[in-house]
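A short write-up of the structure that comes next.
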Amino acid sequence: MDQQPTEQQPSEQQPAPTPGAPGGALDRRAELSEFLRTRRARLKPEDVGLPDFGRHRRVPGLRREELAQLAGVSVAYYTRLEQGNGRNVSAEVLDSIARALRLTSAEHAHLTHLARPTQQRRKTAPRTQHVRGALRQLLDTIDTVPAYIVGRRTDILAWNRMAAAVFGDWSELPAPERNWARLVFLRPDYRDLFVAWEQKAADIVSYLRMDAGCHPDDPRLSALVGELSVKSEEFRRLWATHDVKEKTYGVKLMRHPLVGELALSFENFRLVDDAEQSLVTYHPEPGSPSAESLRLLASWGADATRAGTSSSSATREQ
């Protein structure tokens with residue numbers, strides 16, 4: 001006869017309220033609780049060198065006592081931490097838990113932000129992000145490849161004409177709508193633009209998760225998450241996974257309404273003087289069909305920009 005686990009099973013089986021949902025807020029304790037629970041749920045005993053006796057498990061993944069054993073802490077201590085009640089947790093304990101959970105470096109950093117906030121945050125209005133004039137000049141200088149500056153909450157802060165030709169003329173949008181999360185989840189034309197839309201959507205949610213870990217008291221972030229949770233089933237599903245990762249380079253495949261398929265490598269450069277802003281550039285492989293397509297877009301200028309935004313304009317007029 002199986003011995004009943006000591007953890008409180010019913011409470012684990014009930015999902016926590018979605019942070020940022022209407023009427024709620026980005027609760028750091030809830031974020032910490034759900035992050036630890038979902039990381040534990042993805043591990044199996046054999047993944048971490050524990051014996052699996054084939055007994056039926058009432059919850060997915062490792063039990064709390066198994067994780068506590070791996071991390072070298074008491075079950076009661078880990079349970080309090082997973083319930084969001086840990087106080088004054090040391091960096092050493094978090095390191096041990098991160099190793100036991102097989103966290104990536106991005107996940108480890110996210111755990112640290114949630115469990116050990118650097119300071120008592122005052123609930124003040126978030127500052128407006130500004131792009132330095134020299135950076136705007138740099139964007140204008142990079143006139144053969146798409147480039148833009150992205151900031152907090154995936155806000156698009158500045159861009160060059162090639163970014164407008166490829167992604168659409170963001171200057172036609174109200175400032176609050178110049179946001180990658182809103183574009184990807186709420187605009188059908190962006191679903192058509194990205195060949196691997198699901199991966200792009202997952203990357204956006206991961207970025208927002210990390211932002212939430214650093215700035216849980218940001219009302220604008222909470223409002224954004226709440227709006228997307230209401231309007232997009234895909235966002236709700238991805239937000240509930242609590243996945244976080246940093247993607248600083250890769251390849252994006254797109255279907256442009258004027259030149260067809262584009263394969264562009266992207267690089268994400270975090271600014272040294274403002275870690276909450278990044279310069280993102282896209283470039284094709286030299287001599288490739290995508291390189292020729294970008295050359296054509298550059299030569300067409302404003303016509304290419306209008307073509308890139310024609311479907312989005314039609315969407316707004318409906």
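Some notes on this structure:
- Criterion applied to Arg39, Arg55, Arg29 was being at pLDDT below 90, within 30 Å of Ala223 (Cβ to Cβ) and in the same structural domain as Ile97 (by TED's automatic domain parsing), and the one residue passing it is Arg29.
- Test result for Ala158, buried (at least 17 other Cβ atoms within 10 Å of the Cβ), outside the structural domain of Phe235 (by TED's automatic domain parsing) and at pLDDT 90 or above: no
- Residue in the range 285-293 that is within 29 Å of His130 (Cβ to Cβ) and assigned by TED's automatic domain parsing to the domain that holds Met210 present: no
- Scanning the range 309-318 for any residue that is within 16 Å of Trp180 (Cα to Cα) and either modelled with pLDDT under 95 or of a type in the set (Lys, Arg) (or both) turns up at least one such residue.
- Being over 16 Å from the mean Cα position of the chain (by Cα), of a type in the set (D, E, K, R), closer than 26 Å to Asp169 by Cα and buried (at least 16 other Cβ atoms within 10 Å of the Cβ) is a condition met by no residue of the range 202-214.
- Sole exception among (1) touching a Phe, Trp or Tyr at 6+ places or on another chain (Cβ under 9 Å); (2) farther than 18 Å from Tyr190 by Cα; (3) at pLDDT 90 or above for Leu253, by number: (2)
- From Arg87, Arg102, residue being closer than 25 Å to Cys214 by Cβ, at pLDDT 90 or above and part of a loop (DSSP other than H, G, I, E, B): Arg102
- Cβ pairs under 7 Å, 6+ apart, first in the range 247-269 and assigned by TED's automatic domain parsing to the domain that holds Tyr190, second of a type in the set (Gly, Ala, Ser) and in a strand (DSSP E or B): Val251/Ala263; Val251/Ser265; Leu253/Ala263; Phe266/Gly250; Asn268/Ser278; Phe269/Ser278
- Sole residue being in contact with an Asp or Glu (Cβ under 7 Å, 6 or more places away or on another chain) and among the aromatic types (Phe, Trp, Tyr), chosen from Tyr207, Tyr249, Tyr282: Tyr249
- Candidates Arg182, Arg187, filtered to the one that is surrounded by fewer than 22 Cβ atoms within 10 Å (Cβ to Cβ) and touching a residue at least 24 places away in the same chain (Cβ under 8 Å): Arg187
- Selection from the range 128-155 of residues that are under 16 Å from Val272 (Cα atoms) and among the small types (Gly, Ala, Ser): Gly133, Ala134, Gly151
The values are calculated or read from the model by the stated rules, or taken from the named source; none is laboratory data. These figures come from a predicted structure and were not determined experimentally. Because the Cβ atoms are built from the backbone with ideal geometry, glycine has one as well, and the counts that use them run over all protein chains shown.
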